[in-house]
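The values are calculated or read from the model by the stated rules, or taken from the named source; none is laboratory data. The structure displayed is predicted, hence computed values, not measured ones. Positions of Cβ are generated from backbone atoms using ideal geometry, with glycine treated the same way; all protein chains shown enter the neighbour counts. Accessible surface areas use protein heavy atoms only, side chains included; no ligands, DNA or RNA. Shrake-Rupley method; radii C 1.70, N 1.55, O 1.52, S 1.80 Å.
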Amino acid sequence: MKVLHVLNTGEYSGAENVVITLIRLTRGVVESAYTSPEGSIASVLSENNILYFPMRTSNASIRELRKIIKEFKPDIIHAHDFLASVIVSLASRKIPIVSHLHNNPFWIKKICIWTVIYICSSLKYKRVLVVSDSIIEEFVFGKYLKKKSKTVGNPIDLREIREKAKNATEREQFDIVFLGRLTKAKNPIFFLDIVKELVGLFPDLRVAVVGDGELHDVVMETCIEFGVNNNVKLFGFVKNPYGILKSSKLLCMPSQWEGFGLAAVEALAFGLPVVAAPVGGLVNIVTSQCGKLCVSKKDYVEEIEKLLSDREYYKSKSQNAKARSEKFDNANEYAKSILDEYKSFW
């Protein structure tokens, strides 16, 4: 079975990590290839010995995708997220398409040009896979996808995550970690506003911002504006962030929207309580025993202050965090579920 994975970004982040893990887990059964616009993902794919067809455009191109399909001759095309799915539907006529949605941006909640285009293109999809129920529930045309949709979560291998932490080169200890792309979805400016309040309580607070993105320069400027530039270390993109997670105290995820919330499970695996927004899959991951779901800046500040100042409170949530992470250890089951989907129409 030959499967072509199509993505619309050349960067390395959550969805890309999921695809690489899936390819690795299905080796021997599936011959996989990966295509996307050129970017930092190339080195990661090379390290994982994954066949890569880079597109010479800033976004996925119908014309280039047709050439790649002709060369690789896939049996199935697995498109990741909305735009990649639409482009694949226009580039391929007869090959079965799996549309895999990893996030639920605000615009899916209303009738607009993009939701109309996606629901029309969905007529070509054999299956719509989503990382959390919230994606179909929030999608304005979600009721029309229920018969062909399935919630699959994300592949998580706790043993591998912990092994990577042992081999990490970055191991600095921080009080708070922000792990994610510096985009509107991850809400980094609001995060820095939370940090500003906490620095007033903990002048020596140490904060790690791990990730890169279009808001990088804005984040740098905001750190100076808020007077927290001496407290916050901007790492940019870190290929293996698990050493930082393992060494630090807690993870903060004030996202405006999330698909699954993989970083939360990764943090829990190292005993880090997670303080997060009640969006997307995070509502199914974070509980009051291992962290807290927060609505306002006050909620975040109060919970983080208590975690950093009350040793017994922190210890309890840290122990529960590790136990909670075990519920999401599903790599082999995940691979089997995706293979079953492939085989159902191959």
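Assorted remarks:
- Taking the criterion of being at pLDDT 95 or above and either open to solvent by less than 10 Å² (accessible area, probe 1.4 Å) or among the charged types (D, E, K, R) (or both), the residues of the range 93-108 that qualify are Ile97, Val98, Ser99, His100, Leu101, Ile108.
- Of the residues making up the range 109-123, those that are among the aliphatic types (A, V, I, L, M), over 17 Å from Lys148 (Cβ atoms) and assigned to a helix (DSSP H, G or I) are Ile113, Val116, Ile117.
- Residues that are of a type outside the set (Ser, Thr, Tyr), in contact with a strand residue (DSSP E or B) (Cβ under 6 Å, 6 or more places away or on another chain), assigned to a loop (DSSP other than H, G, I, E, B) and crowded, with 21+ Cβ neighbours inside 10 Å do not occur anywhere in the range 245-268.
- The listed residues are Leu179, Leu192, Leu215, Leu205, and the only one of them that is modelled with pLDDT of 95 or more and over 26 Å from Cys290 (Cβ atoms) turns out to be Leu215.
- Within the range 179-201, the residues that satisfy the criterion of being open to solvent by less than 50 Å² (accessible area, probe 1.4 Å) and in contact with a Leu (Cβ under 8 Å, 6 or more places away or on another chain) are Leu179, Leu182, Thr183, Pro188, Val195, Leu198, Val199.
- Identity of the residue in the range 38-54, in a loop (DSSP other than H, G, I, E, B) and open to solvent by 40 Å² or more (accessible area, probe 1.4 Å), that ends up nearest to Lys124 (Cα to Cα): Glu38
- Selection from the range 255-283 of residues that are modelled with pLDDT of 95 or more, under 23 Å from Arg159 (Cα atoms) and of a type outside the set (Phe, Trp, Tyr): Ala263, Ala264, Val265, Glu266, Ala267, Leu268, Ala269, Gly271, Leu272, Pro273, Val274, Leu282
- Residue list for the range 295-337, filter: closer than 18 Å to Val199 by Cβ, in contact with a helix residue (DSSP H, G or I) (Cβ under 7 Å, 6 or more places away or on another chain) and open to solvent by less than 80 Å² (accessible area, probe 1.4 Å): Lys297, Tyr300, Val301, Ile304, Glu305, Leu307
- Qualifying residue in the range 159-172 (condition: open to solvent by less than 50 Å² (accessible area, probe 1.4 Å), in contact (Cβ under 8 Å) with a residue 24 or more places away in the chain and touching a strand residue (DSSP E or B) at 6+ places or on another chain (Cβ under 6 Å)): no
- Filter result for Ala168 (farther than 21 Å from Gly261 by Cα and not acidic (Asp, Glu)): yes
- Tallying residues that are outside any loop (DSSP other than H, G, I, E, B) and either open to solvent by 50 Å² or more (accessible area, probe 1.4 Å) or of a type outside the set (Ser, Thr, Tyr) (or both) within the range 202-233 yields 15.
- Test: residue in the range 1-10 that is in a strand (DSSP E or B), in contact with an Asp or Glu (Cβ under 8 Å, 6 or more places away or on another chain) and not basic (Lys, Arg): yes
- Per-region count, the range 135-158, residues within 21 Å of Glu16 (Cβ to Cβ) and without any contact (Cβ under 8 Å) to a residue 24 or more places away in the chain: 1
- Selected residue (only one of Thr57, Thr35 is open to solvent by 10 Å² or more (accessible area, probe 1.4 Å) and free of Cβ contacts under 8 Å to residues at least 60 places away in the same chain): Thr57
- Scan of the range 109-122 for residues that are open to solvent by 20 Å² or more (accessible area, probe 1.4 Å) and β-branched (Val, Ile, Thr), ordered by number: Ile111, Ile113, Val116, Ile117, Ile119
- Qualifying positions in the range 73-90 - crowded, with 18+ Cβ neighbours inside 10 Å and either over 26 Å from the mean Cα position of the chain (by Cα) or assigned to a loop (DSSP other than H, G, I, E, B) (or both): Pro74, Asp81
- Checklist (1) among the polar types (S, T, N, Q); (2) touching a residue at least 60 places away in the same chain (Cβ under 8 Å); (3) more than 24 Å from Leu262 (Cβ to Cβ) applied to Ser132, failing item: (3)
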